[in-house]
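Beneath this line is the structure, given in structure tokens, with notes to follow.
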Amino acid sequence: MSRVWGSGELPRHVAIIMDGNGRYAQNLGKSRLYGHKMGVRRLWDILEATLEAGIPYLSVFAFSTENWQRPTKEVKGLFRIARSTVRVYTPKIQSLGVRFLCIGNKRTLNPKDLQAIERLESDTSKNQKLTLAVALDYGGRWEILEAARKAAELAAKGELLPEALTEERFGSMLQSAVIPDPDLLIRTGGECRLSNFMLWQAAYSELYFSQELWPAFTKEHYLSALEDYVGRERRFGRVSKRPFSFA
Ligand code: FPP
């Protein structure tokens, strides 16, 4: 795959809300877990496309703090799929130079899953081509609350003055502080909301909503999203540098 990106810059970090697995499966008369399995395949394609484009950070929302409310069968199935994904894709992740990170509340993972995830994190910690952050039992509010607790603990010990708590300092207390804020946040599946993903980090992200259900979101759809991003002007609250026109 080769593509000329024009004068704009590609994002450094793409974050994706992979929505629509269930509907994809239901449309085919199959179980929701079939949709999640197809979702993993799609994730692999998008990871490859991200590597090919030379984008160094990709993060994906795999399981939210709210997803525990799904039927037990689906929750168990999702974790089974996550386990086999880690097992099956570990050699590929290694050979492609991908660093794996898991963000989210690791305290709720069962010890075996936690061990497998931490092993993959440490085995790939030196890989530099791409960082893949998988959000598992993750919620943006949870992450902000955890950072607020850390700040409050430091303040209670007299190690942090309230006026010393800047955006940078607070941001550095977030669990995902090791990755930059997403430049582009894509949500598939036709819904136009953040659903508690990267709430702090997405303050200035460019948002892209696709009607495609995640398992049907191809590399071509992904490249269209990147192309759309490249054509946008990011102003971060400043005025436009482009000449104004109604055309
Ligand atoms: C949303 O679709 C998707 C999820 C809740 C899970 C996403 C998970 C995967 C792609 C597989 C696991 C990934 C890894 C990395 C192990 P939905 O079920 O809400 O779909 P719907 O809106 O059509 O019901």
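Numbers for the structure displayed
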| read-out | value |
| --- | --- |
| Pairs where the first residue, in the stretch 199-221, is part of a loop (DSSP other than H, G, I, E, B) and the second is among the hydroxyl-bearing types (Ser, Thr, Tyr) and open to solvent by 20 Å² or more (accessible area, probe 1.4 Å), C-beta under 8 Å, 6+ apart | 212/218; 213/24 |
| Residue match in the stretch 82-90 (condition: away from the ligand (no atom under 15 Å from the Cβ) and either farther than 25 Å from residue 13 by Cα or out of contact with any Pro (no Cβ under 9 Å at 6 or more places or on another chain) (or both)) | no |
| Among the residues listed as 80, 99, 107, 119, the single one being closer than 24 Å to residue 38 by Cα and surrounded by fewer than 18 Cβ atoms within 10 Å (Cβ to Cβ) | 80 |
| Residue 203 vs. criteria open to solvent by less than 50 Å² (accessible area, probe 1.4 Å) and not hydroxyl-bearing (Ser, Thr, Tyr) | no |
| Residues of the stretch 160-198 classified as among the polar types (S, T, N, Q) and assigned to a helix (DSSP H, G or I), total | 3 |
| The stretch 81-111, residues that are in a helix (DSSP H, G or I), touching a residue at least 24 places away in the same chain (Cβ under 8 Å) and either within 23 Å of residue 142 (Cβ to Cβ) or among the β-branched types (Val, Ile, Thr) (or both) | 81, 82, 83, 85, 86, 90, 93, 106, 108 |
| Every pair of residues 6+ apart whose Cβ atoms lie under 8 Å, when the first sits in the stretch 171-198 and is over 18 Å from residue 144 (Cα atoms) and open to solvent by 50 Å² or more (accessible area, probe 1.4 Å) while the second is within 15 Å of the ligand (Cβ to nearest atom) and of a type in the set (D, E, K, R) | 191/19; 193/187 |
| Filter result (open to solvent by less than 10 Å² (accessible area, probe 1.4 Å), assigned to a helix (DSSP H, G or I) and near the ligand (Cβ under 6 Å from one of its atoms)) within the stretch 8-47 | 22, 39 |
| In the stretch 118-170, the residues that are among the aliphatic types (A, V, I, L, M) and within 14 Å of residue 105 (Cα to Cα) | 133, 134, 135, 136, 144, 145, 147 |
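A quick yes/no check of all residues on (1) touching a Gly at 6+ places or on another chain (Cβ under 9 Å); (2) open to solvent by 20 Å² or more (accessible area, probe 1.4 Å); (3) within 14 Å of the ligand (Cβ to nearest atom):
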position	(1), (2), (3)
49	no, no, no
53	no, yes, no
64	yes, no, yes
67	no, yes, yes
75	no, no, yes
92	no, yes, yes
95	no, yes, no
115	no, yes, no
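The values are calculated or read from the model by the stated rules, or taken from the named source; none is laboratory data. Computed from a predicted structure; not experimentally measured. As a convention, Cβ positions derive from the backbone with ideal geometry for all residues, glycine included, and neighbour counts pool all protein chains shown. Keep in mind that these areas ignore ligands, DNA and RNA; they rest on the heavy atoms of the full protein, side chains included. Shrake-Rupley method; radii C 1.70, N 1.55, O 1.52, S 1.80 Å.
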